[in-house]
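Note sheet for the following structure.
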Amino acid sequence: MARLCKPAVQAPEHVITMEETLEFARRVHAGKDQLPLALRLIRNTGVQKRHLVQPIEQTLRHPGLTERNRIYEAESKKRTPQVVEEALKNADVAARDIDAIIYVSCTGFLMPSLTAWLINTMGLRPDTRQIPIAQLGCAAGGAAVNRAHDFCMAHPGSNVLIVSAEFCSLCYQPDMDDIGSLLSDGLFGDAVAAAVVRGTGGTGIELERNASYLIPHTEDWISYAVRETGFHFQLDRRVPGTMEPLAPVLREFAKDHSWDAGSLDFYIVHAGGPRILDDLAKFLEVDRSVFRHSWATLSEYGNIASAVVLEAARRLFEEDPPAPDATGLIAGFGPGITAEMALGRWNDGARADVD
């Protein structure tokens, strides 16, 4: 049975604190009517610091889409090999053991996908399947885990490498001063992550069931407007309330597996913002502390898009490991509004694989 092994995560070296974010917002957007509300919302995110792929002075300048995409390509190629090597080591597999690579990112564009470069650079086999996912935003981390699970079920014994490269700061638009844009400027961070889903063996989360769900007629709630200056992130004010309709979906999903979504042993949930986590705790009737890995990720990295679920999972591995057969939920949320959900149980490698 497919098993998600310990992820590897790297955050860029340039750090900006919440206080620095507030100071820059006051200076760059001075006099804007929306600024006082935006400052209050940024404070309420709980994001204490974020990591940026460039120093903040460069981030605040817009050199044009061509240059930004060049930076995206250069930084992706600079930073992904290290996390891939660490993820392979964590899973106790070699590059040539990988049968498919899933690459997720929504903050830049390359064709061919970075999957081709990774195959040529990292020693993966030429017949490695390439599965790039570019337009699921923050939900793509959960989608990557689910598509890796599907691949391993369809091709027993296969190993799938997941890679996420998110440089949200490259989407900063200096001229955008609506509330959604200003809030985003204080919420999103940059990170690169990788993980291996093994078809057999290894220690980690044994994936048992996955599903997707789209809230009907919400496709314009989280979106990009693609303009001459690049990607303009658009966030509807109704997005923070999406856990109320999604919590029953999670409950039914777990119920179909004879589990109770409110009584699991661990939760790896996308940290889209504090309201998302607080509302999910409320509607699942669990203590907010069960999302401690997501809260820690939000506080220390901000919303790192598709990399969030991998970083939250890494934290699960690094604390006292769950007991064998402990049950858990992985959930990513993003544009659509889309939820990508998975159920699994902890396997420390001592229990044999079961078809």
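The values are calculated or read from the model by the stated rules, or taken from the named source; none is laboratory data. Computed from a predicted structure; not experimentally measured. Glycine gets a Cβ as well: all are built from the backbone with ideal geometry, and neighbour counts include every protein chain shown. The area values use the complete protein model at the heavy-atom level, side chains included, leaving out ligands, DNA and RNA. Shrake-Rupley method; radii C 1.70, N 1.55, O 1.52, S 1.80 Å.
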Per the 1.4 Å probe, what fraction of the accessible area of the range 85-217, in percent, lies on carbon and sulfur atoms?
54 percent
Pull out a ≥ b ≥ c, the square roots of the eigenvalues of the alpha-carbon gyration tensor of the range 285-351, then state rounded if a/c is under 1.5, prolate if not and a/b is larger than b/c, and oblate in the remaining case.
prolate
By its C-alpha gyration tensor, with a ≥ b ≥ c as the square roots of the eigenvalues, how is the range 1-74 shaped: rounded for a/c under 1.5, else prolate for a/b larger than b/c, else oblate?
oblate
Length gained, Glu318-Glu13, 0.36 nm per residue minus C-alpha separation, equals 107.6 nm
Nothing charged except the Cβ atoms of Lys and Arg (+1) and of Asp and Glu (-1): what's the magnitude of the dipole of the range 267-355 about its Cα centre? Round to the nearest 20 debye.
240 debye
Which length gain, in nm to one decimal place, applies between Gln130 and Phe109 when the Cα-Cα distance is subtracted from 0.36 nm times their residue separation?
6.0 nm
Please list, in order, the residues from the range 76-94 whose amide nitrogen is less than 12 Å from a point placed 7 Å along the Cα→Cβ vector of Ala350.
none
Among beta bridges that DSSP assigns inside the chain, antiparallel share in %, nearest 5:
75 percent
Dipole of the chain, Cα-centred, from +1 at each Lys and Arg C-beta and -1 at each Asp and Glu C-beta, to the nearest 20 debye?
420 debye
Checked the range 204-257 with the C-alpha gyration tensor, a ≥ b ≥ c its square-rooted eigenvalues, rounded below a/c of 1.5, otherwise prolate if a/b is larger than b/c and oblate if not; verdict prolate
Provide the descending list of Cα extents for the range 250-336 along its principal axes, expressed in whole angstroms.
34, 32, 22
Added length on full extension, which subtracts the Cα-Cα distance from 0.36 nm per residue, Val286 to Glu85
68.7 nm
Once label points are set 7 Å from the Cα along Cα→Cβ at both Glu228 and Glu57, what is their separation, rounded to one decimal in nm?
2.8 nm
Carbon/sulfur fraction of accessible area - the range 259-355, other protein chains in place, 1.4 Å, %
47 percent
Check each of the GluC sites (Glu not before Pro) in the range 276-346 and keep only those in coil by DSSP with at most 16 other C-beta atoms within 10 angstrom; list them in order.
Glu285, Glu319
Set the Förster distance to 41 Å, then compute FRET efficiency between Arg238 and Thr121 from the Cβ-Cβ distance, nearest 0.05.
0.45
